[in-house]
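The values are calculated or read from the model by the stated rules, or taken from the named source; none is laboratory data. None of the values given here were measured: they were computed from a predicted structure. Cβ: placed from backbone, ideal geometry, glycine included. Neighbour counts: every protein chain shown. Surface accessibility is based on the protein's heavy atoms, side chains included, excluding ligands, DNA and RNA. Shrake-Rupley method; radii C 1.70, N 1.55, O 1.52, S 1.80 Å.
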Amino acid sequence: MMAQGRKGHFMFDARAAITHIPGKLDEQHLRAFLEGIFARGTRQSTEAAQIFLEEKVKDETVTHEQAIELGKLIDKYSFYR
């Protein structure tokens with residue numbers, strides 16, 4: 001139950017953080033993308049999520065600024081370090 005609460009808070013905060021910075025993600029793909037980042041950060045490690053974000057900056061899915069904001073949220077909501 002606690003993990004689900006964390007996910008809800010992460011999704012709300014991440015959506016707010018990423019949408020105020022222009023990027024290429026459309027609304028249709030945003031939720032799946034954020035869920036993927038959350039899963040990596042909570043089931044693997046924050047490092048795995050950061051590596052994934054770096055890959056998405058390289059392929060221009062997200063901007064560098066969006067990746068920084070999402071990285072902060074991963075650190076905040078992850079169980080693992």
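Considering only residues that are open to solvent by less than 100 Å² (accessible area, probe 1.4 Å) and more than 10 Å from the chain's Cα centre (by Cα), which ones fall in region 3-14?
Matches in region 3-14: 3, 5, 6, 7, 8.
Are there any helices (runs of 4 or more DSSP H) wholly within region 1-74 with 2 or more residues that are among the basic types (Lys, Arg) and at pLDDT 85 or above, and if so which?
By residue number, 46-58.
Applying the selection to region 61-71, what residues are without any contact (Cβ under 8 Å) to a residue 40 or more places away in the chain and surrounded by fewer than 16 Cβ atoms within 10 Å (Cβ to Cβ)?
Within region 61-71, 64, 68 qualify.
One line per residue, one yes/no per condition, for (1) in contact with a Cys (Cβ under 9 Å, 6 or more places away or on another chain); (2) within 18 Å of residue 6 (Cβ to Cβ); (3) surrounded by fewer than 17 Cβ atoms within 10 Å (Cβ to Cβ):
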{"site": "16", "(1), (2), (3)": "no, yes, yes"}
{"site": "24", "(1), (2), (3)": "no, no, yes"}
{"site": "29", "(1), (2), (3)": "no, no, yes"}
{"site": "33", "(1), (2), (3)": "no, yes, no"}
{"site": "39", "(1), (2), (3)": "no, yes, yes"}
{"site": "42", "(1), (2), (3)": "no, yes, no"}
{"site": "51", "(1), (2), (3)": "no, no, yes"}
{"site": "54", "(1), (2), (3)": "no, no, yes"}
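Go through region 16-33 and count every residue that is within 13 Å of residue 74 (Cα to Cα) and without any contact (Cβ under 8 Å) to a residue 24 or more places away in the chain.
Number of matching residues: 0.
Looking at region 34-60, I want the residues that are over 21 Å from residue 19 (Cβ atoms) and have a partner that is open to solvent by less than 80 Å² (accessible area, probe 1.4 Å) and in a loop (DSSP other than H, G, I, E, B) with Cβ atoms under 6 Å, at least 6 apart or on another chain. Which pairs are those?
As it stands, the answer is 42/78; 46/78, since those pairs meet every condition given.
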